[in-house]
Every structure is written in structure tokens, then in C-alpha cells.
Amino acid sequence: MDANLTRDDAYSDGNMLGGPLSEIFAVDLTGAVGRCAGCGLQGPVAQLRVYDRAPGLVARCPRCEQVVLRLVRGKDTAWLDLHGASALTIPLAPAP
Ligand SMILES: [Zn+2]
């Protein structure tokens, strides 16, 4: 990481996770509501702060900055760590 960049000026919002996550999930998770395991904040995945300077993507809580989600795309695998999200509410089409 460039030492001149602080964490605050180097992130994107969670909407940028839409593309990478669409390769794994059939639904758009940027519209899901997650709960941070650190501080309990509930909010849209799209409001997470996403850092792409690690090998992969690291999404942090906008309030406490705990890591909520990590995604690393390898050559033929995706590694997804959700241990920082205590729950995800995912919008779906109504069940028949
Ligand atoms: Zn938090």
C-alpha cells in the first residue's frame, strides 16, 4: 500500500462489489442489508467501504471499520470471508 494514502481516501463504496459478487451469487448482494458483527450496524452492502489494495477486496463497516467481507478471486476459485457480517438480509422475488 502507498504510505501516502490513508485508509479514508482509498476506498470505494460497496456498489463496486456488485460485479465480483455476481460471479458467485444469483442475486445482487449490493441490495442486501448486512449487520456488522463488530458494532451491530445494519445497512446496505452498497454502503460498505471497499478497499482494493489488498490481494482481493476488503469491505469495511462505515461506522467501526471492522472487516465485514473479504473476497479474493483466484484463477479458478473465489474465496469469500463473511465472518464480520453477523447476518445478511437478501431481497428476493416473492415466493410462489
Ligand atoms: Zn461496525
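Only the coordinates and a few stated rules stand behind these numbers; no lab work does. Only a predicted model underlies this, so the values are computations on that prediction, with no experimental measurement involved. Cβ atoms come from the backbone with ideal geometry, glycine included; neighbour counts cover every protein chain shown.
With the highest mean first, a sort of the peptides 14-24, 61-71, 77-87 on other beta-carbon atoms found within 10 angstrom per residue produces 61-71, 14-24, 77-87. For the stretch 64-70, 3J(HN,Hα) computed residue by residue from phi via the Karplus equation (6.51, -1.76, 1.60; θ = phi - 60°) reads 9, 6, 5, 5, 9, 8, 10 Hz, glycine and proline entered as x. When shorter helices are ignored and each DSSP H run of at least 4 residues is given -39500 (n - 2.57), the per-residue value for the chain at 222 nm works out to -1000 deg cm²/dmol. Kirkwood analysis of the Cα pair distances in the stretch 13-89 returns a hydrodynamic radius of 12.2 Å.
Hey, can you rank 53-59, 90-96, 42-48 by average C-beta count inside 10 Å, highest first? Walk me through the numbers on the way to the answer.
Details: 53-59: 17.3, 90-96: 7.0, 42-48: 19.0.
Most protected by this proxy first, the peptides run 42-48, 53-59, 90-96.
Using every Cα-Cα pair within the stretch 11-54, state what percent have a distance larger than 12 Å. Summing the P(r) of the stretch 11-54 above 12 Å gives 60 percent of all pairs. Modelled this way, with points 7 Å down the Cα-to-C-beta line, the labels at Asp28 and Ala87 are 2.4 nm from one another.
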